[in-house]
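S.K.: Can you keep this structure in mind? I'll have questions shortly.
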Amino acid sequence: MSQTPGVSTTEIGVRLEAALAFAREAGAVTLRYFGARGGVGGGGGGGDGGGAGAFEVSTKRDGSEVTTADREAEQRLRGLIERAFPDDGVLGEEFGERASASGWRWVLDPIDGTASFVHGVPLYGTLVACEFGGQTRAGVIHMPVLGETVYAGEGGGAWHIGREGASAVRARVSGISGTAEAMMCTTSYGYYRQAGLEPALTALFERFGKSRGWSDCYAHVLCATGRIEAVVEPVLHPWDIAPMQVIYAEAGGRTTDWAGRPGSYHPTGVSTNGLVHGEVLELLAPFAR
């Protein structure tokens, strides 16, 4: 992805560095709670200690779950952004939007994969993106329990840290060019049922050589680092997909909605290694909204 005129490399770099630090701090908040519900064994990954104990789970108006950890982690993110970039806007899953005076806006999902988090499954992540002009310029996917992180800044490539303390290496998508040889991930049959798109899921399962439910943002970590070829979701919010816009572009892949439109502000999503993207869009065309 080439850098957009009007946005300096320095500005992108400063915010990317901050986004990485902020995601790790918020991830450490979640680790204090991870595994505390229902007697599940605690997580690893180098949290900041303390042991906050059990967390509460409630249901939001859209039917999704939210926990004490979601709210506390987003509050930590917002506080860090307010101190470092007081003129920047913020859009977060749990606490809504604050307007921007600088043209920059942060898009936050403190726990992407709350269902995994609640059940003691380590495949949840903290998502931090920074937009300018409505486009993601820097993005981070941080997996607190696994210690794995994928990140990118516009024009600077995509990078992968495979475990806590490891050096970053370039992240690149796979070279598989056909769906018959490819692996596809999606989060949940329930989302397809909710959207009335069960036939689309059946069509995907029939087309791809392999499919698994390594869900939410962890599937994107796998795809951006060449371990699977596609992630397809029938229900999305901006905070679910904002970091992926720049990560896929810099890793050599592609992310759009089911109609082929780029950007974070569409209700569906398909992210691939780029080579199978056209084939997937052709398959999904009858179901696109």
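The values are calculated or read from the model by the stated rules, or taken from the named source; none is laboratory data. This structure is a prediction, so every number in the text was calculated from the model and none was measured. Ideal geometry is used to build each Cβ from the backbone, glycine not excepted, and the neighbour counts take in all protein chains shown. Surface accessibility is based on the protein's heavy atoms, side chains included, excluding ligands, DNA and RNA. Shrake-Rupley method; radii C 1.70, N 1.55, O 1.52, S 1.80 Å.
S.K.: I want to verify a result. In a Gaussian network model of the chain, Cα cutoff 10 Å, which of these has the top mean-square fluctuation: A54, A18, A101?
M.R.: Answer for the Gaussian network model of the chain: A101.
S.K.: For segment 133-224, which whole percent of the accessible surface, found with a 1.4 angstrom probe, sits on carbon and sulfur atoms?
M.R.: 46
S.K.: Add +1 for every Lys or Arg and -1 for every Asp or Glu among the other residues with Cβ under 11 Å from the Cβ of E148, and state the total.
M.R.: 0
S.K.: Next up: Among L108, T272, Q75, whose Cα lies farthest out toward the positive end of the dipole of the chain, if unit charges sit on the beta carbon of Lys, Arg (+1) and Asp, Glu (-1)?
M.R.: T272
S.K.: Also: Please work out which option in (i) 50, 48, 37; (ii) 58, 51, 35; (iii) 54, 48, 38 gives Cα extents along the principal axes in Å calculated from these coordinates, and answer with its label.
M.R.: Entry (i).
S.K.: Assigning unit charges at the beta carbon (Lys, Arg +1; Asp, Glu -1) and nothing else, what dipole magnitude in debye, to the nearest 20, does the chain show about its Cα centre?
M.R.: 280
S.K.: Where only protein heavy atoms count, and the probe is 1.4 Å, what is the accessible area per residue for segment 239-289 in Å²?
M.R.: On a per-residue basis, segment 239-289 sits at 33 Å².
S.K.: Here is a follow-up. Around I12, under 10 Å between beta carbons, what's the net of Lys plus Arg minus Asp minus Glu among the other residues?
M.R.: Within the 10 Å Cβ shell, the charges total -1.
S.K.: Further question on the same structure: Give the long-range amide H neighbours of E131: residues separated by 5 or more places, or on another chain, with amide H under 5 Å away, using H modelled in the peptide plane at 1.01 Å from N.
M.R.: Long-range HN contacts for E131: R105, W106, V107, R137.
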